[in-house]
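Structure first, commentary second.
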Amino acid sequence: MTIEKLRSHFPVTQSYTFFNNAAESPMNLVFREALDKFYDIACEAPQNKPDVRWGVREKLSELLGGLPEDYALITSTGVGSGMVAAGYDFKAGDNVVLPENEHRNNLYPWLALKDKGVDIRLVPVAENGYIDLEDIKTLVDENTKIVSIAAVRFNSGFRADLKKISEIAHAKGALLFVDAIQAAGVVPIHVEEMGIDVMSSAGFKWLLGIPGTGFLYANEKARELIQPIIPGMFAAENSVTELHYLTDSRKYETGSIAYSLFYAWQEGLDLLLSIGVENIYKTVLELTDLLIEGLNARHIKILSSIKNRTERSAILFCSLGNESVNESFQEKLQENNIIIAVRDGKCRISPNFFNTKKEVEHFFDVLDQVIES
């Protein structure tokens, strides 16, 4: 598929250089058209509305590994991490290990366990987001039940070595939980090859969905240890007298979901599958290579860990000075139809596969104006 064809799916590219994909993916036309199709059916023949649950699970398993039945359909990353934290039978004296300064969706559910006497152990994180595997290993022991980590950190772009972290967790009998929202769809992930036991993500970032779509992956071992906390009609066998949970990850599903959104999300997932995540990752690394080269040439401070290519993602942080300077730069970029984000006072640039080298050049044209002014 040519870059022109890819860009034609994203109307935002006609007006903006959109380097803020880590916040939310701009809606694509294949999603929008599918959404309109579903609403047409709902208006004209609601009895013919298609079932979408199994189709989404199949596409997720093709994209991320595992079996379709390993995926529960949920609404957000935080719902998944919350289900895991509340559904595991923690005892006083158990511990959970996770890096400091994780996103709140991968922090609050674990902090809430302190009321049960669970020790929450925070792994130190370097200023550039780097996490030393030895620091994780030091905190994991026989009382560790879950090691939790973002596959890619939202506040630095650091990409974790999930396979090695799973080996550390499994050596002590712990589960590995992964917050995948900044990785799934842009960074290669295979749950079985990487030893991921549980993984949660919303669909509205790199997976080309919109808010309200998401999943919880749980392998067989994890399902034995994590119980459903909100039993609903789709979680169990059809009975009005007894509760018999399904044995696969559907047991974590509750009631009705936004079927129109999940129906359209299938098209977004199909688009990703047609391109290939390996190809997407190659493209974003090439674009961030150009950004790194240009920032270094202009002596702009890069705040992300960039020494090792395998630790990089589609997210790059930099700073022109203090928070006020960075916010002014963001405003200047937006005046020139370039969209980035400022997070914690730092500039966050996050290109995707539909972005181009020409757009990177446009970014630096504006940066040069700022430097010269």
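The figures follow:
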read-out: Size of the range 1-145 as Cα extents on the principal axes (Å, biggest first); value: 57, 41, 26
read-out: Low-density loop cleavage sites - GluC sites (Glu not before Pro) in the range 44-142, where at most 11 other Cβ are within 10 Å (DSSP); value: Glu100, Glu127, Glu142
read-out: At 0.890 mPa s and 25 °C, Stokes diffusion of the range 203-255 via Kirkwood alpha-carbon radius, µm² per second; value: 198
read-out: Relative contact order (%) - the chain, alpha-carbon pairs under 8 angstrom, separation at least six; value: 22
read-out: Lys/Arg +1, Asp/Glu -1 at C-beta; the chain dipole; positive extreme among Ser8, Leu73, Ile340; value: Ile340
read-out: Cα centre as origin, Lys/Arg/Asp/Glu Cβ charges: the chain dipole, Debye; value: 240
read-out: Cleavage-rule hits, trypsin sites (Lys or Arg not before Pro), the range 167-251, DSSP coil, Cβ neighbours within 10 Å at most 15; value: Lys172
read-out: Calculated FRET value between Ala23 and Glu323, using beta carbons and R₀ = 22 Å, to 0.05; value: 0.80
read-out: Normalised per residue, the volume of the convex hull around the Cα set of the range 199-328 (Å³); value: 185
read-out: Value of [θ]222 nm, deg cm²/dmol, for the chain, DSSP H segments ≥ 4, -39500 (n - 2.57) each, nearest 500; value: -11500 deg cm²/dmol
read-out: The range 249-292: C-alpha pair distances exceeding 13 Å, %; value: 70
read-out: Simple spin-label estimate for Trp54 and Lys307 in nanometres, 7 Å along Cα-Cβ; value: 5.1
read-out: Max mean-square fluctuation residue, GNM over the chain, Cα-Cα springs under 10 Å, options Lys116, Lys282, Lys163; value: Lys116
read-out: Antiparallel DSSP beta bridges within the chain, percent to nearest 5; value: 50
read-out: Answer label, with Cα extents along the principal axes in Å calculated from the coordinates and candidates (i) 62, 57, 30; (ii) 59, 56, 49; (iii) 73, 59, 33; value: (iii)
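Values quoted throughout were computed directly from the atomic coordinates according to the rules given, and no laboratory measurement underlies them. Being a predicted model, the structure only gives us computed values, none of them experimental. Note that we place each Cβ from the backbone using ideal geometry, even for glycine, and neighbour counts take in every protein chain shown.
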